[in-house]
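Every number here is computed from the coordinates shown, using simple stated rules; none is lab data. Since the model is a prediction, treat every value here as computed from it, not as a measurement. A quick note on method: Cβ atoms are made from the backbone with ideal geometry, for glycine too, and the neighbour counts reach across all protein chains shown.
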Amino acid sequence: MKTYPSLLAASLLLVLPLSGGDLIPLGEFKVTVVTDNWMKPGGAGNGLNVSVRVSRDAKDRNGSTSVEVNCYDFKSDQRMFPEADLKVFLAAGDAAQEGKEFRETVMTKTFRGETETTYEVVDVDGKKMVRISRGEEKAELLPGEAAKVRTALEQARSGEAWFRKLLAEDTMPIPSEEAKPPQADGYYLQILIGTVPGKGIGYEVSVSSHSFGKPPHYTTDHTLCLYSADGTLSGTLSGGWVDGMLWKISSAIDAANTDRAYSFTSGEYEGRRYTVTANLKTKEADVILTPVVGFKNFKTEKGSFGLAQLTEIRKLIAGCDERIKWFQANEHLFFTSTTEKAEQAVSPNNP
């Protein structure tokens, strides 16, 4: 059985559990590694998207993993490829590769319920293709896509086994062919730093990174949490404008605590504009989110933030760097860069 001593050595040096043998000390997080990207270069046509995910949230403190296959030629609520579909697709791809006829229909479980999906080999401009028909939507893939998906699935499944070990074990596991970080061009990362509830509106801070075929770029994300009358989360709003609003909240709180009037009304963002006003009585910043013309489904949202909440939000923002540094140092635990492998293969030191 092949092992990976260099990876293991780096892991032992860089993984710093917070407590209780937690090998991923990120709290609530989600990492999605795409082992086969659906966007094919050089006019090769679209393909299937194969990914492996590891995550942990407040509802599942032990964490979870999954392998997903999707076709982005279909709508978001029915682009999934369950195991039964994969089996038929791979058989259709093999048949197309061998120049054989093929046609089979399965019932696919989608977010819309069960729907028929037909896989068949067809001639398109003189070459064999795999046509996938699901409802009124169709996708056509090259025969070689089946082999690529098989390879991507191997990476995703061994990656999932590795992620399960990271979640469950107290000491750093040793990578093997059956369980190892998946090879990929990059990953999607989201780490929840925390949420500060205000009056009526909450403020959430998180870290994200979307890295594909290039060095990772980490961002601090700001999100407003909206609540229904019973206090349950009803929606969220995010974007750079939320960060800008925080500066206005800070100015309003400063004005309120020095008995100065302050009010600011923004431009339009995502169908809304916001107003921040200093409340001289409560010493808080009052926030009003107002829908603009044409967005009838939005309603006016109101909330307030005081100095205590602002202080907590700033602490969350300050805590982002620590999480980013940990992930940068431990990135190798979540994926092996195919770009780096390709560069090493052509290096003068690797004849």
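Computed from the coordinates I sent, Cα extents along the principal axes in Å equals one of [x] 81, 38, 35; [y] 62, 59, 39; [z] 80, 52, 39. Tell me the label.
Here Cα extents along the principal axes in Å agrees with entry [z].
Along the positive direction of the dipole of the chain (beta-carbon charges: Lys, Arg +1; Asp, Glu -1; about the Cα centre), which of G239, F327, T311 reaches farthest?
Value: T311.
Once phi is turned into ³J(HN,Hα) by the Karplus curve 6.51 cos²θ - 1.76 cosθ + 1.60 with θ = phi - 60°, what whole-Hz value does each residue of segment 174-189 show in order, with x for glycine and proline?
9, x, 9, 4, 7, 8, 7, x, x, 7, 6, 7, x, 7, 10, 10
When the dipole is taken about the Cα centre of segment 149-267, and only Lys, Arg (+1) and Asp, Glu (-1) are charged at their Cβ, what size is it in debye, to the nearest 20?
200
Can you give me the long-range amide H partners of E284? Hydrogens built in the peptide plane at 1.01 Å from N, cutoff under 5 Å, separation of 5 or more residues or another chain.
The answer is N279.
Within the chain, which complete DSSP H helices have Cα atoms spanning at least 24 Å along the helix axis and a mean Kyte-Doolittle hydropathy of -1.0 or higher?
Span-like helices, by this rule, are 145-168, 240-256.
What are the residues whose amide H is under 5 Å from the amide H of T336, where those residues sit 5 or more places off or on another chain and H is modelled from the backbone?
Amide H neighbours of T336: Q183, A184.
Which whole-number percent gives the relative contact order of the chain, counting Cα pairs below 8 Å spaced six or more residues apart?
With pairs under 8 Å counted, the relative contact order is 14 percent.
Tell me which of A147, T223, M107 sits at the most positive position along the dipole axis of the chain, charges placed on C-beta atoms (Lys, Arg +1; Asp, Glu -1).
Result: T223, furthest along the dipole toward the positive end.
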